[in-house]
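Trainee: If you scroll down you'll find the structure; I have some questions about it.
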Amino acid sequence: MEELAVGTRVDHPRYGEGIVSKNKITSYEIFFERGGKIEITKSSTDLTVLESPADKPRNSLTLAEIEKVLRYVLDQQGALQEVVPLGDKWMGGNMILQPANASLKPKEIPIEAFFHKIVMLRDRLRVLEQNINSHTVLTDEEKINLQQYITRIYGSLTTFNILFADKEQYFVGAKS
């Protein structure tokens, strides 16, 4: 494959469409629609060129390409997360972590901040789940084994369901 220039639109069987953002010595840094920022070696045969910068005027991006990049950046910063409401009774509340040692001060944490971390954890578990399910090298048996760990993690997190306003947002572990 010929050297790819920054701005080249490519397709990858696993990550979908992407745009080359850096041309390094032995690899390309590519922002993919489904996989985010991925580094792929130049020797990889998985990339198909969809459009090179030579196919269009220099330094121009389509509106769709700009939207994809902005969506990725906002998603990475947590700005595009699904809005998950905290239960009304917890609004403005604090968690107090009281050490057993009386000489130590308790730690107070706003429940909203803790809840946000729980929601981020859930979102990242979902991404992990998607990556496992779409993995091209793992066997079906390996995927099932990894999926069972994720299900157990969800089960461990059901304790935090009391914080959610909507039952549809609850963590669900293995069903009996």
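The values are calculated or read from the model by the stated rules, or taken from the named source; none is laboratory data. Note that the structure is predicted; figures quoted are calculated from it, not measured. Glycine gets a Cβ as well: all are built from the backbone with ideal geometry, and neighbour counts include every protein chain shown.
Trainee: For segment 152-172, give me each residue that is in contact with a helix residue (DSSP H, G or I) (Cβ under 9 Å, 6 or more places away or on another chain) and either exposed (fewer than 14 other Cβ atoms within 10 Å of the Cβ) or touching a residue at least 60 places away in the same chain (Cβ under 8 Å) (or both). Outline the logic, then answer.
Mentor: First, pick out the residues of segment 152-172 that are in contact with a helix residue (DSSP H, G or I) (Cβ under 9 Å, 6 or more places away or on another chain): 153-154, 157, 160-165, 167, 169-172.
Correct list: Ile162, Leu163, Phe164, Ala165, Lys167, Gln169, Val172.
Trainee: Failed condition for Pro99, given (1) under 25 Å from Glu33 (Cα atoms); (2) of a type outside the set (Phe, Trp, Tyr); (3) at pLDDT 90 or above; (4) outside any helix (DSSP H, G or I), with all others met?
Mentor: Here Pro99 clears every test but (1).
Trainee: Pull up segment 34-50, narrow it to residues that are of a type in the set (A, V, I, L, M, F, W, C) and within 21 Å of Leu70 (Cβ to Cβ), then point me to the one that is farthest from the chain's Cα centre (by Cα).
Mentor: Pass one, segment 34-50, residues of a type in the set (A, V, I, L, M, F, W, C): 38, 40, 47, 49-50.
Remaining after also requiring within 21 Å of Leu70 (Cβ to Cβ): 38, 50.
Details: Ile38: 13, Leu50: 25 Å.
Ranking the candidates gives Leu50 first.
Trainee: Do we find that Ala165 is small (Gly, Ala, Ser) and within 26 Å of Gly36 (Cβ to Cβ) in this structure?
Mentor: Numbers: small (Gly, Ala, Ser): yes; within 26 Å of Gly36 (Cβ to Cβ): no.
No; evaluated as a whole, the condition is false for this residue.
Trainee: While we're looking at this one, here's another question. Could you identify the single residue in Val137, Val127, Val73 that is under 30 Å from Gly18 (Cα atoms), free of Cβ contacts under 8 Å to residues at least 24 places away in the same chain and not in a helix (DSSP H, G or I)? Write out each step before concluding.
Mentor: Numbers: Val127 fails: not in a helix (DSSP H, G or I); Val73 fails: not in a helix (DSSP H, G or I).
After applying the criteria, what remains is Val137.
Trainee: Let me confirm something: among Ile118, Ile109, which residue is surrounded by 12 or more Cβ atoms within 10 Å (Cβ to Cβ) and under 16 Å from Phe171 (Cα atoms)? Please lay out each step first, then the result.
Mentor: On the way: Ile109 fails: under 16 Å from Phe171 (Cα atoms).
That would be Ile118, the only listed residue that is surrounded by 12 or more Cβ atoms within 10 Å (Cβ to Cβ) and under 16 Å from Phe171 (Cα atoms).
Trainee: List pairs: first residue in segment 3-17 and at pLDDT below 90 and among the aromatic types (Phe, Trp, Tyr), second residue assigned to a loop (DSSP other than H, G, I, E, B) and surrounded by 14 or more Cβ atoms within 10 Å (Cβ to Cβ) anywhere in the structure, Cβ distance under 6 angstrom, at least six positions apart or on different chains.
Mentor: Tyr15/Arg34; Tyr15/Gly35
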